[in-house]
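Everything on this sheet refers to the single structure shown next.
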Amino acid sequence: MTSDAFDQQTNQSFPPDVIARIHQMADSGQYPIRGLGARRKVPTFDDLVFLTASVSRYPLEGYRERCETRTVLGSRHATRPITLEIPITIAGMSFGALSATAKEALGRAATAVGTSTTTGDGGMTPEERKASSLLVYQVLPSRYGFDPADLRQADAVEIVVGQGAKPGGGGMLLGQKVNARVAAMRTLPPGIDQRSASRHPDWVGPDDLRIKIEELREATEWAVPIYVKVGATRVDHDVKLAVAAGADVVVVDGMQGGTAATQDVFIEHAGIPTLPAVRMAAEALEEIGMRGEVQLVVSGGIRSGADVAKALALGADAVSMGVAALLALGCNRDSYLAANGEMINVVADYRALSTSAGHCAHCHTGRCPVGITTQDPELESRLDVARASESVANFLRATTMEVTALARACGKSDVHHLEPEDLAALTVEAAAMAKVPLAGTNWIPGWPH
Amino acid sequence: MESLSCDDLGTRAVNHRLHALTDGERVQVLHPRGRHNLAVGISRQIAVTIDGNAGYFVGGLCGSSDGSGPDIVVNGFVGWSVAENLMGGSVRVRGSASQSAGSSARGGTIVIEGDASLRAGISLKGAKLAIGGDAGAMSGFMAQSGVILIGGNAGHGLGDSLYEAVIYVAGSIASLGSDAVIEEIGDEDLRAVKELVGESGFDHIDATRVTKVVSARQLYHFSTHNHGAY
């Protein structure tokens with residue numbers, strides 16, 4: 001090693017990004033708050049591959065033989081379960097975090113492909129209800145804008161206990177995004193740094209949750225499904241307790257799940273990755289004999305048809321996308337299409353946020369260069385609802401076709417017939433977490449017990 | 001007046017019948033025996049009397065955003081979260097209430113003639129909550145808007161992390177929560193307290209002698225200098 005190389009060695013305990021973080025905290029007196037999900041490398045669905053058909057299995061013809069994607073959620077107790085045409089839903093994202101136009105665009109896209117979208121921490125907007133043929137109404141700890149009239153017009157109800165980006169923590173909406181409309185919907189003064197509650201105000205614990213679920217059913221005449229969403233931590237216990245409390249659907253959100261704003265320390269250091277979470281949740285349902293009766297929805301960093309197919313193979317009935325849907329809307333693009341058809345470059349706007357297209361997670365600032373995570377009227381006008389909704393619908397259709405391509409290649413006529421046996425792992429960690437064999441072996445680390 | 005007996009009907013049947021009633025109708029719910037989720041999700045202006053003790057969430061998710069809603073009276077004690085997320089109308093409890101009375105209620109009036117346990121008025125968003133007796137610890141926690149009137153004594157941590165809700169206490173306050181402060185009462189406060197005293201029938205409260213608790217608004221914006229306050 002030369003003297004220069006010796007001097008330039010990166011300190012593995014204090015690499016440049018850690019040094020920069022410490023400097024930033026020292027300069028500002030603030031801890032980092034940001035949007036989107038975990039940046040750190042964790043075991044993901046990319047660490048799995050499909051064992052598609054050969055001599056021992058035969059495939060279905062791509063583009064010929066039908067592969068079913070229809071997904072029914074909430075058949076346990078609801079008299080009106082939800083039927084999705086595709087096994088992909090849009091995750092809950094608040095009006096406040098997102099602009100009203102972004103919410104509307106997501107609703108239109110979901111409607112176009114026959115799936116559901118979900119409200120968020122700011123209540124239900126009329127635009128969103130009108131745009132979404134299937135709308136899931138969230139019951140969050142903050143109860144901002146919660147209205148029984150909106151509850152009665154929801155197609156499903158999701159009790160949010162936790163979120164993958166910040167399990168155990170409440171959401172944030174910094175003052176620059178709390179404009180008059182957002183403040184009024186949340187019954188808060190405009191401009192304050194809003195701190196959502198992390199715990200529900202009217203119940204604690206699984207026994208109370210059972211009564212809470214009954215209350216919501218009584219208020220909706222037992223018509224619509226009740227989901228319970230948890231951030232992936234103690235997945236086995238949480239899934240079993242949610243089912244015992246009467247949930248029709250359990251939503252498990254892994255640590256890669258996004259947020260509009262929370263502490264970086266939560267995003268990177270709380271919860272477990274989606275990969276082990278999905279298998280743990282599926283096994284929990286299996287153990288209590290509820291697979292098929294209670295549906296499992298998995299979210300947290302789902303980006304592609306491959307991710308969806310692998311989640312389904314590991315036991316999910318459907319997946320939910322948040323960040324990927326925002327990217328399809330135009331998040332992190334370096335330009336937007338103006339009303340006159342001109343592409344407007346916004347590289348300078350990213351630079352003003354000290355970031356760039358492809359790296360931006362500055363949702364918390366409200367200065368979204370492409371008009372998605374903002375309440376600024378000028379920025380919001382940059383999102384063309386019709387075009388953006390078509391982009392998301394395109395993405396969802398193409399993603400679904402990736403899922404069916406893989407399912408057919410595995411010989412499945414229904415994407416829900418994918419199973420763990422169709423998978424192998426590329427790393428020991430992924431093999432242990434997903435409980436599928438390490439590729440080229442029959443070895444599942446830790447199994448048999 | 002129509003009577004519905006919980007000895008004969010399940011909760012679902014009771015609520016289904018209540019939802020079917022039209023404005024102006026009156027109904028009595030008999031033998032509740034502490035049952036949960038009675039009289040929830042009613043939007044119409046009906047009068048419901050629950051003749052006995054009720055469990056969790058009685059009167060929850062009732063009323064409409066225009067302030068209208070049912071008038072519910074419970075001739076007994078109630079469990080957790082009575083009148084949670086009330087939008088309009090009124091809920092009166094002749095006895096005492098367990099935890100989180102009136103949580104997240106956005107409109108209407110909630111009257112607890114006895115005591116209220118921990119976290120009464122938590123996350124309140126515009127409703128009026130009048131408690132004749134004492135209120136437990138952490139009452140008014142994160143209350144955003146509305147009025148809480150406590151006719152007796154308040155427990156520890158009163159008004160912790162308050163936003164714009166106002167709390168009036170006739171008795172003593174064990175301690176204030178983070179960012180809660182006592183403020184002088186003015187003419188507007190006197191009017192508000194007298195109105196709520198009249199509405200609740202709490203003649204034992206002298207409106208001129210209540211203590212007013214509001215937010216100091218020091219925690220409205222994040223600052224790590226406040227780390228000891230959270």
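Each value in this text was obtained by applying a stated rule to the coordinates, not by laboratory testing. What you are looking at is a predicted structure, and each value in this text was computed from that prediction instead of being measured. Methodologically, a virtual Cβ is constructed for each residue, glycine included, from the backbone with ideal geometry; neighbour enumeration extends over all protein chains shown.
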- Stokes-Einstein D (µm²/s) once Rh is taken as the Kirkwood radius of the stretch A:208-278 over alpha-carbon pairs, at 25 °C in 0.890 mPa s: 183
- Mind listing P(r) for the stretch A:237-281? All alpha-carbon pairs, 10 Å bins, whole percents. 25, 43, 29, 3
- Query: Where in the stretch B:122-145 does the label zone of A:V204 land, with the point 7 angstrom along Cα→C-beta and an amide N cut-off under 16 Å?
  - Reply: B:122-123, B:136-142
- Query: Over the alpha carbons of the stretch B:115-194, what is the largest minus smallest coordinate on each principal axis, giving the biggest first in Å?
  - Reply: 29, 23, 21
- For the stretch A:10-159, convex hull of alpha carbons as volume per residue, Å³: 227
- Note on the structure: With label points set 7 Å from each Cα along the Cα-to-Cβ direction at A:E221 and A:Y58, the distance between them in nm comes to 5.1
- Quick one: net charge around A:K229, please, counting Lys, Arg +1 and Asp, Glu -1 for every other residue with C-beta under 13 Å from its C-beta. -4
- Range of Cα positions in the stretch A:117-204 per principal axis (Å), largest first: 33, 31, 23
- Query: Under a point-charge model restricted to the Cβ atoms of Lys and Arg (+1) and Asp and Glu (-1), what is the dipole moment magnitude of chain A relative to its Cα centre, in debye to the nearest 20?
  - Reply: 280
- Message: Using the Kirkwood radius over C-alpha pairs as Rh, can you work out the diffusion coefficient of the stretch B:151-230 via Stokes-Einstein at 4 °C, viscosity 1.567 mPa s, in µm² per second?
- Response: 96
- Message: How shielded is B:99-105 by partner chains, expressed as the average number of their Cβ atoms within 10 Å of its Cβ atoms?
- Response: 4
- Shielding by other protein chains, B:80-86, mean Cβ within 10 Å: 5
- Message: Please arrange A:F50, B:F141 by how many other C-beta atoms lie within 10 Å of their C-beta, fewest to most.
- Response: A:F50, B:F141
- With Cα coordinates, the longest principal axis of chain B makes an angle with the long axis of helix B:187-200, in degrees rounded to 10, of 30
- Message: Regarding the stretch B:56-101, what's the average projected area of the Cα-atom convex hull, expressed in nm²?
- Response: 2.6
- Item | Full-stretch length increase - B:R17, B:N153 - with 0.36 nm per residue and alpha-carbon distance subtracted | 45.0 nm
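So if I average 1/r over every pair of distinct C-alpha atoms in the stretch A:306-449 and take the inverse, what Kirkwood radius in Å does that give? Please list the in-between numbers first.
Numbers: mean 1/r = 0.0557 Å⁻¹.
The Cα-based Kirkwood calculation yields 18.0 Å.
Given the convex hull over the Cα atoms of the stretch A:193-345, what projected area results after averaging over all orientations, in nm²?
12.5
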- Rg over Rh [alpha-carbon atoms, Kirkwood Rh] for the stretch B:2-226: 1.00
- Place +1 on the Cβ of every Lys and Arg and -1 on the Cβ of every Asp and Glu in the stretch A:145-247, take the dipole about the Cα centre, and give the residue among A:L241, A:M172, A:A219 whose Cα lies farthest towards its positive end. A:M172
- Message: Tell me the relative contact order for the stretch B:18-167 as a rounded percent, counting alpha carbon contacts under 8 Å between residues six or more apart.
- Response: 14
- Query: Between B:R217 and A:H417, what is the label-to-label distance in nm when each label sits 7 Å out along the Cα-to-Cβ direction?
  - Reply: 6.5
- Would you list B:M138, A:M433 from fewest to most Cβ contacts within 10 Å? B:M138, A:M433
- Item | Per-residue ³J(HN,Hα) for the stretch A:111-123, Karplus 6.51 cos²θ - 1.76 cosθ + 1.60, θ = phi - 60°, Hz, x for Gly and Pro | 4, 4, 9, x, 10, 9, 10, 9, 5, x, 6, x, x
- Item | Dimensionless Rg ratio for the protein assembly as shown, taking C-alpha atoms and the 2.2 N^0.38 Å reference | 1.01
- Residues B:D203, A:D376, B:D115, sorted so that the one with the fewest Cβ neighbours within 10 Å comes first: B:D203, A:D376, B:D115
- Note on the structure: Here the gain from full extension of A:S304 to A:E287, 0.36 nm per residue of separation minus their alpha-carbon distance, amounts to 3.2 nm
- Message: For the stretch B:93-149, I need the span (max minus min coordinate) of the C-alpha atoms along each principal axis, in Å, sorted largest to smallest.
- Response: 25, 21, 14
- Using the Kirkwood radius over Cα pairs, work out the Stokes-Einstein diffusion coefficient for the stretch A:260-377 at 10 °C and 1.306 mPa s, in µm²/s as a whole number. 95
- The size of the Cβ-based charge dipole (Lys, Arg +1; Asp, Glu -1) of the stretch A:229-370 about the Cα centre, to the nearest 20 debye, is 280
- Mind giving me the nanometre distance, one decimal, between the label points for A:N11 and B:S175, set 7 Å out from Cα along Cα→Cβ? 4.1
